[in-house]
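> The structure under discussion is supplied below as structure tokens; questions concerning it will follow.
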Amino acid sequence: MKKLFTLTTLILFAAALVIGQTDLTDKGAYQCSHKKAHSKNHLNALKSPNTPRHTFDVLNYSLNFDLYNNFDSPYPQSYDANEVITFRVDTALNMIKLNALNSSMDIISVGMAGTDFLHTQDTLTITLDREYLPGEVVDVSIDYYHKNVEDNGVYANGGFLFTDFEPEGARKCFPCYDRPSDKATTELIAKVPSNVLLGSNGRLADSTTIADTTWFHWISRDPVPTYLVVISAKKNWNLDIVYWDRPSTPGDPMPIRFYYNDGENPSSMEQKVPLMADWYSQHYGEHPFEKDGFAALNNEFSWGGMENQTLTSLCPGCWSESLICHEFAHQWFGDAISPGTWADLWLNEGFATWSESLWWEMDGGYAAYKSDVLNNASYYMSSNPGWPVYNPEWAENTPGNNTLFNYAITYCKSSCMLHLLRYSMGDELFFQAIYDYATDTINFRYKNAVTEDFQAKLEASSGLELGWFFESWVKEPNHPIYANEYSFADLGNGTWNVNFLVNQVQANAPFFPIPIELTIFFMDGSDTVVRTMNNENQEFFWFNFNKQPVSLFFDKNNEIVIKQATLAVGIDEEHIGSQTSRLDQNYPNPADAETTISYALADDGLVSIGLYDISGKKIRDLLQTKKQKGTHALTFDVSGFPAGIYYYSMHIAGFTATKKLIVQ
């Protein structure tokens, strides 16, 4: 029977449901989502540890485009082009298949190692001059003509020519293996009128002007996924260049190029972007490329931005701080580390959206960061379409853009996943793990990552096991709905028990484990926060105090930002009678000096707590004595221990538990 202590039921809805939403047009993530969701580029269509392999690996695209006639009326989309693809063979082959949309281009001839070709619909099949074995490097040349068609990949109008490819539109501009897993260096030589400025990936190797003609020569020494290859050009464009001082190369600053239209003023962003470079480099490692830039386009690029590697495209006049900091963060997440598959896009957009929140934290502190996170959570909670941030089917079958770039899931919920990791891991472990991930040049930086890689890197860096988080929060849809209960019990002699029952009642998703925080207020005016890991549904917790509790709040600071919750006073007697001993996680963890272990005993008895190294050898007996039923704490010094992972284990009759301790 349920014992009721009060008739009042406290309803605690997640603050995400009640916080007033900001104007979404001011959100960089929303502008990015809106632009990509309305893109017309959807086509069903040495690497990082779990990045998908292919029969060949493209090493370099060398492109030579004659764009001279595209900048004057009637602004044709047609141009002549030559391409040399250099690839390494992974599986013995005598032909290769590339993506090349035949409604956008006519293939004229192939050469070098290519002897013949067949071009049908989306596929260009090139016959090679012999069978090539794994490890061999092959060059194939392709002469082709881009047709005068509006294909929503190449745009020419009003003195502009630009490209826009995400997710699979590069095949409209040049033959390629058009999947995000295959990154390659690029070289572009483009012929344009002398009054045209043209930007692209990487560095400007040179530009040569003869009479009324200029040849721009851009080289990206860093591999680029095809969807991030870019050409942005305009007649009589404005260009400002500011320089960011790299910490690693004083005296050799990085240029940041700002292309803008008449009547626009990017000066405020010219001042802010170097500060963003400082801030993001502090958290994610130094800016990964040799240049960066932003290009304001025309009304055909009508919304938001696109994070092309080292040259972001912007809608005209869109020099907003939120949009710029979102797209700039993509240079680390999406560009330097690209998704292994489209199922992993949440890592791109989640990081860029979360980085907006982190940017506001620089000046506004945690409160400004949290406010932005809660706005993202609010949008997700009100617009959730009911699918997870990671959907394995997308790895093989790219969904439509309205699904792939859904703002509620791919942007808002994905960014909340990073906040929940920060909350669960703690700032020190989380930020170190993110830094280690973003700077790992062996496995990830300048390569790709899939979700399993990201999880493994966080675990390796932090020493924590995070499968519980990824299997539930990342790979399952929806969110927890709590109907929690609590009660206070006067045990006499000035001691009290606080009883708490976790109860998730959602019918559209499994259980979501997460650390929970209970804030308890006492009669003497004091309060305490109890943090414990909630590993299963209907989990019962009890805490013993030598003072009278008067109120309790679940997740008072709303760190579990995507949830619904009610809290009722009163717990079934059967739960109260099922009290068991408990071993909590030490705090702080990691520790470099003192750390404290909290534990609860269901009965009086002899309790022992031992400390062990990673091989299982006991290092020290921390406690071996009789203790009374209740909650206890043990503080000890680890400053003399070598840095690394340790374990502590508690044993009392009928109960044994072990936790991990990290010493730094």
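> Could you list, in sequence order, the residues of the stretch 402-433 that are polar (S, T, N, Q), crowded, with 19+ Cβ neighbours inside 10 Å and not in a loop (DSSP other than H, G, I, E, B)?
Thr410, Ser414, Ser415, Ser424
> Here is a list: Asp80, Asp72. Which entry is surrounded by fewer than 17 Cβ atoms within 10 Å (Cβ to Cβ), modelled with pLDDT of 75 or more and assigned to a strand (DSSP E or B)?
Asp80
> Criterion first (hydroxyl-bearing (Ser, Thr, Tyr), part of a loop (DSSP other than H, G, I, E, B) and crowded, with 24+ Cβ neighbours inside 10 Å) does Thr310 satisfy it?
Against the criterion (hydroxyl-bearing (Ser, Thr, Tyr), part of a loop (DSSP other than H, G, I, E, B) and crowded, with 24+ Cβ neighbours inside 10 Å), Thr310 qualifies.
> Condition (residue is touching a Ser or Thr at 6+ places or on another chain (Cβ under 9 Å), basic (Lys, Arg) and either within 24 Å of Leu323 (Cβ to Cβ) or not assigned by TED's automatic domain parsing to the domain that holds Pro513 (or both)) applied to the stretch 360-377: is it met by at least one residue?
yes
> Is it the case that the stretch 279-286 has a residue that's of a type outside the set (Lys, Arg) and outside any helix (DSSP H, G or I)?
Within the stretch 279-286, one or more residues are of a type outside the set (Lys, Arg) and outside any helix (DSSP H, G or I).
> Being out of contact with any Asp or Glu (no Cβ under 9 Å at 6 or more places or on another chain), buried (at least 19 other Cβ atoms within 10 Å of the Cβ) and charged (D, E, K, R) is the filter here; which residues of the stretch 555-592 pass it?
Selection gives Arg582, Asp584.
> Look at the stretch 610-626 and say how many of its residues are exposed (fewer than 14 other Cβ atoms within 10 Å of the Cβ) and assigned to a loop (DSSP other than H, G, I, E, B).
Qualifying residue count for the region: 4.
> What number of residues in the stretch 538-560 are part of a strand (DSSP E or B) and under 23 Å from Val505 (Cα atoms)?
Counting residues in the stretch 538-560 that are part of a strand (DSSP E or B) and under 23 Å from Val505 (Cα atoms) gives 6.
> Next question. Regarding Val607, is this residue buried (at least 17 other Cβ atoms within 10 Å of the Cβ), touching a Lys or Arg at 6+ places or on another chain (Cβ under 9 Å) and part of a loop (DSSP other than H, G, I, E, B)?
For Val607, the condition - buried (at least 17 other Cβ atoms within 10 Å of the Cβ), touching a Lys or Arg at 6+ places or on another chain (Cβ under 9 Å) and part of a loop (DSSP other than H, G, I, E, B) - is not met.
> Among (1) surrounded by fewer than 13 Cβ atoms within 10 Å (Cβ to Cβ); (2) outside any strand (DSSP E or B); (3) not hydroxyl-bearing (Ser, Thr, Tyr), which single condition is Leu118 missing?
For Leu118, the exception is condition (2).
> Next question, about the same structure. Name the single residue, out of those in the stretch 524-537 being hydroxyl-bearing (Ser, Thr, Tyr) and assigned to a strand (DSSP E or B), that is nearest to Ile560 (Cα to Cα).
Going through the qualifying residues, I end up with Thr532.
> Can you pull out the residues in the stretch 339-356 that are crowded, with 24+ Cβ neighbours inside 10 Å and either among the hydroxyl-bearing types (Ser, Thr, Tyr) or in the same structural domain as Lys183 (by TED's automatic domain parsing) (or both)?
Thr353, Ser355
> Follow-up. Can you name every residue in the stretch 163-201 that is hydrophobic (A, V, I, L, M, F, W, C) and either part of a loop (DSSP other than H, G, I, E, B) or under 27 Å from the mean Cα position of the chain (by Cα) (or both)?
Phe165, Ala170, Cys173, Phe174, Cys176, Ala184, listed by residue number.
> Given Asn558, Asn586, which one is of a type in the set (S, T, N, Q) and closer than 17 Å to His632 by Cβ?
Asn586
> Picking from Tyr227, Tyr260, which residue would you name as being surrounded by 13 or more Cβ atoms within 10 Å (Cβ to Cβ), modelled with pLDDT of 95 or more, touching a Pro at 6+ places or on another chain (Cβ under 8 Å) and not assigned by TED's automatic domain parsing to the domain that holds Lys447?
Tyr227
> Considering only the stretch 487-527, state which residues are at pLDDT 95 or above and of a type in the set (Ser, Thr, Tyr).
Listed by number, the residues that qualify are Ser487, Thr519, Ser526.
> So which strands (runs of 3 or more DSSP E) are wholly in the stretch 203-266 and hold at least 2 residues that are over 32 Å from the mean Cα position of the chain (by Cα)?
203-210, 213-224, 231-235
> Ser109: in the same structural domain as Trp360 (by TED's automatic domain parsing) and either crowded, with 20+ Cβ neighbours inside 10 Å or modelled with pLDDT of 95 or more (or both), yes or no?
no
> Taking Gly285 and the conditions (1) out of contact with any Pro (no Cβ under 7 Å at 6 or more places or on another chain); (2) surrounded by 21 or more Cβ atoms within 10 Å (Cβ to Cβ), which numbered condition does it fall short on, given that it satisfies the others?
(2)
The values are calculated or read from the model by the stated rules, or taken from the named source; none is laboratory data. Because the structure is predicted, anything quoted here is derived from the model rather than measured. So basically every Cβ, Gly included, is an ideal-geometry build from the backbone, and we count neighbours across all protein chains shown.
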